[in-house]
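Below is one structure, written out as structure tokens; comments come after it.
The values are calculated or read from the model by the stated rules, or taken from the named source; none is laboratory data. Computed from a predicted model, the values in this text were never measured in an experiment. All Cβ positions, even for glycine, are placed from backbone atoms using ideal geometry, and neighbour counts span all protein chains on display. Accessible surface is based on the protein model in full, side chains and every heavy atom, while ligands, DNA and RNA are left aside. Shrake-Rupley method; radii C 1.70, N 1.55, O 1.52, S 1.80 Å.
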Amino acid sequence: MKMIKGALCFTLAFTLIGSFVFGQSINDARRAIEVEQFEKAKSILKGLTSNPTISAESYYYLGDVYLKTNELDSAKANFDLGVQANPKFALNYAGLGKLEYLNNQAAASKADFDKAISLAEKKDYRPYVEVAKGLTLDGDKTNEQSVQLAIATLEQAKKANSKSPEVYATLGDVYLMKKDANNAVLNYNKALEVDKDYLRAYIGQAQIYKGAQNYQAALAPLEKAIAIDPNYAPAYGLLAELYYSSGQSAKAIDTYKNKYLALTDVSCNSQTRYATFLFTGKDYKAANQEISSLLKTCPVKPVMYRLLGYSAFEIGDFKQALDAMNTFFAKQNPQNVITSDYEYMAKILSANKQDSAAIGYLNKAVTKDPSKTELYPLIGKMNFTNKNYAASAQSYEKYFEVPGVKKDPVNYLYYGLALMRIGQFVKADSAFSVVNQLSPTYIPGYIYRGEVSVNLDKDNKQGLAKPYFEKAIELGEVDKEKNARYLIEAYKYMADYSYSVQNDVNATKDYFKKVLELDPNDQQANDALKAIEAGTKKKNK
């Protein structure tokens, strides 16, 4: 009895396991694939491969999951197992053709695509659809010949089964890829005529409007899809993209994180997109953390090092920013480098005290995009800090030549200082006059203009500097402690002018005394007063 009872238990257990496995269907797996629940799809399909009646089909869809998750060796292994299970089942040859297409094995790919179509059963449209998808794996970069072949293949699919919404939706996808919106719309609409609940067609309609930047119109089909199935992840993914494209970063992040990612398996692609949303939404810390995590687990494109560098700079981690951007420039094709890459690299280098190298990257940015004239002041300031005064002045001059450029006193200040350093005092005087006009209470502007005038009036006979130092005194004496350094310079000039030009000894003494009120230890003022007192005593004897 024990043996019988044990056998019954074993049989019951096997029956329960079998009913669980076979209770799941190919359609359940395909649905999981469509909503990007890839691990769930793998689990279902691995169970179904043991059913000899559908093993070849199960191996195909399992291989297709691995293809979508970029696990190409596993994809090939399953397509091969599918061929072994049933050499006359068409889809696995379509799968092998896709892999060969990705590996640029054109002849082998064509042979397997042709074989898939030759084995297609009379009413089975799927081999045609999968071959068409294989022919367009390059997306928008697919060549015209492959696009036309894909369309012709899908026309054959329609003959095999004119009632399949998948055929029309796939045809719509190909026309959308071709940027033929009219034919894309016709086919998405046809898919919905066949099945009004076919969700992929609504996604296609929304993509058409998104491509036309009509974001409001794109919402309607997405809302229909969500109304039909509130858990349809692709609708939320595209909704997040709409928010992102229309500048609604907070909504994009919330929708992507709490709807799309919550309903799908986390993948390298979805993590990458989420990190992009975070960066664009200026949540630089979260973006940096997401990308840092991504780099540990996923093979990433160079663009992720770009965003890592950008976000690290924004949160003040300048070493990580520099390491990331160095990696980015090493990995990225130079043709795909954009102007902001050079701009960020320049700022990052400057933050790492490498201004000389930073200037080179700013020059690259302007060379790549001559319209980026707003970079000239930054180049000018960096050159000034790096003591390349002639180059600094030249950068500011290029900026001032731009039509309609806004006058900024800071730019004219550095321009004037650079001109002073290279002895171009007349031009420097003009630069500081603009500073005076734009910032009439800015004391250093008058001090520097006074210094320039001293160089233009070596003997001080014209008193060119006098009005500027007087203005500095007028403004500075409102808060003597704060403006002490400027006042001391102005008092000393006025003392010299009073003595050498006006022969006013008392005024000279008064100015030097004012210097000593601010700095009792000023050696020059102390010595000057002693000399004046000594001269006065000698004269009175």
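For the reader, a short list of remarks on this structure follows.
- Taking a ≥ b ≥ c as the square roots of the eigenvalues of the Cα gyration tensor, region 51-141 is classed as oblate, since a/c reaches at least 1.5 and a/b does not exceed b/c.
- Between the Cα long axis of helix 389-400 and the first principal axis of the chain there is an angle of about 70°, rounded to the nearest 10.
- Taking every DSSP helix (H) stretch of at least 4 residues in the chain, weighting each as -39,500 (n - 2.57) and dividing the sum by the residue count yields a mean residue ellipticity at 222 nm of -23500 deg cm²/dmol.
- Over all Cα atoms in region 385-473, the spread is summed up by Rg and Dmax: 13.1, 40 Å.
- Pairs exceeding 31 Å between alpha-carbon atoms, taken from K427/K509; K98/K285; K285/K406; K76/K301; K210/K296; K46/K282: K427/K509; K98/K285; K285/K406; K210/K296; K46/K282.
- Cα-based helix-to-principal-axis angle, 38-48 vs the chain, degrees rounded to 10: 20
- Taking a ≥ b ≥ c as the square roots of the eigenvalues of the Cα gyration tensor, an a/c ratio of 1.5 or more together with a/b no larger than b/c marks region 118-228 as oblate.
- Equivalent-ellipsoid semi-axes of the chain, from the Cα gyration tensor, Å, largest first: 78, 25, 20
- Principal-axis tilt of helix 284-297 within the chain, Cα atoms, nearest 10 degrees: 50
- Accessible carbon and sulfur surface of region 446-490 relative to its total accessible area, %, 1.4 Å: 45
- Ranked packing of 344-350, 452-458, most packed first, by mean Cβ within 10 Å: 344-350, 452-458
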